[in-house]
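Before any comments, here is the structure.
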Amino acid sequence: MSEVDPFAKARQALVEKHIIPEEITDKRVLTAFLSVPRHEFVLPEYRDQAYYDGPLPIGEGQVITQPSLAARMTQALHLQGNEKVLEIGTGSGYQSAILSLLAKEIYTLERRKSLAERAKSVLHRLGYKNISVFTGDGTKGLPEYAPFDAIIVTAGGPRIPQPLIEQLKEGGYFVMPIGEDITSHALQAGQKMKGKLQLQNLGPVHFVPLIGEYA
């Protein structure tokens, strides 16, 4: 990127008009959204809409998440900087980049090879070094790298995949859209206590469906 970022003011406006009003008070989260160039993660034909607070197509029937919603999910993980985080649903890689500025290690899993490869390429080009991108069934998690301090699922399903619960550390934070309807979900977030997730409903959301063996 050039030294003068033509999208800096657009990012500032996005944060001030759409993210802060969503009760995002964690200054580290706000700084991350001010820093990550969302326009680099969208398809070229949507670049002029990169800082619109809404989802945009990224191919394969998938979308890049609405920034204010991504911020709500990110804040719900309560990241302090030293965590190992698992992300299910790499998509464009935008959420991965946000997380990389807030935690020590990011492991992100995408079932669609083309999206995983594109995200990996963009993240590498932009210099994000603490992100490992994998291709596979997100509902199975990454047991070989567990346990994780936090897990974020960026697709909705009727239930939480059991492998993800098992791979989350005791006391770790979890966030996922949950609901029986294929597109309408409730954003659920909380902490693992005594082996079980204690979740809070953060309100209705719309996500692409989670697909996999434990979906």
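In the stretch 113-167, which residues are over 15 Å from SER96 (Cα atoms), open to solvent by 40 Å² or more (accessible area, probe 1.4 Å) and of a type in the set (S, T, N, Q)? Listed by number, the residues that qualify are SER114, GLN162. Sub-7 Å Cβ pairs linking a first residue in the stretch 123-135 that is under 14 Å from GLN95 (Cα atoms) to a second residue that is open to solvent by 50 Å² or more (accessible area, probe 1.4 Å), at least 6 apart or interchain, are ASN130/LYS104; ASN130/GLU105; VAL133/LYS120, ordered by first then second residue. Within the stretch 187-215, residues that are on the phi > 0 side of the Ramachandran plot reach partners that are of a type in the set (Val, Ile, Thr) and crowded, with 19+ Cβ neighbours inside 10 Å with beta carbons closer than 6 Å, at six or more positions or on different chains, in the pairs GLY212/THR139.
Do any helices (runs of 4 or more DSSP H) lying entirely in the stretch 1-77 carry at least 3 residues that are in contact (Cβ under 8 Å) with a residue 40 or more places away in the chain and surrounded by fewer than 17 Cβ atoms within 10 Å (Cβ to Cβ), and which ones are they?
In the stretch 1-77, 27-35 are the helices (runs of 4 or more DSSP H) which contain 3 or more residues that are in contact (Cβ under 8 Å) with a residue 40 or more places away in the chain and surrounded by fewer than 17 Cβ atoms within 10 Å (Cβ to Cβ).
Only strands (runs of 3 or more DSSP E) whose full extent lies in the stretch 112-215 are considered here, and the ones with at least 2 residues that are small (Gly, Ala, Ser), modelled with pLDDT of 95 or more and under 17 Å from THR74 (Cα atoms) are 168-178, 184-193. How about the stretch 110-141: which of its residues are under 16 Å from the mean Cα position of the chain (by Cα) and within 23 Å of GLY195 (Cβ to Cβ)? Scanning the stretch 110-141 gives GLY138, THR139, GLY141. Among the residues of the stretch 78-111, those that are among the hydroxyl-bearing types (Ser, Thr, Tyr) and either touching a residue at least 40 places away in the same chain (Cβ under 8 Å) or in a strand (DSSP E or B) (or both) comprise THR90, SER92, TYR94, TYR107, THR108. Would you check if TYR173 is touching a Leu at 6+ places or on another chain (Cβ under 7 Å), in contact (Cβ under 8 Å) with a residue 12 or more places away in the chain and of a type outside the set (A, V, I, L, M, F, W, C)? Yes.
The values are calculated or read from the model by the stated rules, or taken from the named source; none is laboratory data. Since this is a predicted model, take the numbers as computed values, not measurements. Every residue, glycine as well, gets a Cβ built from its backbone with ideal geometry; the counts of neighbours run over all protein chains shown. Remember, those area values only see protein heavy atoms, side chains included, never the ligands or the DNA or RNA. Shrake-Rupley method; radii C 1.70, N 1.55, O 1.52, S 1.80 Å.
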